[in-house]
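A.B. asks: After the structure tokens below, expect a handful of questions from me.
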Amino acid sequence: MLRLTKKADYGLMALKYLAEQTDGSAQSAKDIAEAYHIPQQLLAKILQTLAKAGLLVSHAGTHGGYALAKPAKEISAFEVIRAIDGPLFITSCITIHGACDLTSTCTIKEPLRKVNDSIKELLSGIHISDLVESGESAPSRGVTVGGGLVTIAL
């Protein structure tokens, strides 16, 4: 099963929270953690990571905190996940370094690459602004990826 890490979940939740602040004010890690019942120290580390990646800006001081570095519609779920967890690969044979020891005899490498590319494309097409609820719950929709190999419900 393909799953996001808890850190990636928390990062997406935090950016969603910040996108919902219509005044654009900085929000503390404590406020975000309390809103979603997330461990504050862990969230603070995640927010620092996202700030280093250029997705958030941090403001020091009494009324400091974090704010989105750019509009929510310009931040993709893929960017957030990559900033927190590093490169996204569904198998160990698809890596930054290229191929595994079985490359010459592997018969599933190409289909798995297509699935990986489709997941990356799908996550790149989901933006933080898409996660913000518009007051009414939207029906979930299934998206077929990987040439019909996988359906992901959104």
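A.B. asks: Condition test on residue 50, is it of a type in the set (A, V, I, L, M), in a helix (DSSP H, G or I) and under 16 Å from residue 131 (Cα atoms)?
C.D. replies: No, not satisfied.
A.B. asks: Pairs under 7 Å by beta carbon, first residue free of Cβ contacts under 8 Å to residues at least 40 places away in the same chain in the range 19-37, partner of a type in the set (Val, Ile, Thr) and open to solvent by less than 60 Å² (accessible area, probe 1.4 Å), six or more apart or different chains?
C.D. replies: Cβ pairs passing all conditions: none.
The values are calculated or read from the model by the stated rules, or taken from the named source; none is laboratory data. Bear in mind that the values here come from a model prediction, so they are computed numbers and not experimental data. Here Cβ is always computed from backbone atoms with ideal geometry, including for glycine, and neighbour counts include all displayed protein chains. Surface areas here come from the heavy atoms of the whole protein model, side chains and all, with no ligands, DNA or RNA. Shrake-Rupley method; radii C 1.70, N 1.55, O 1.52, S 1.80 Å.
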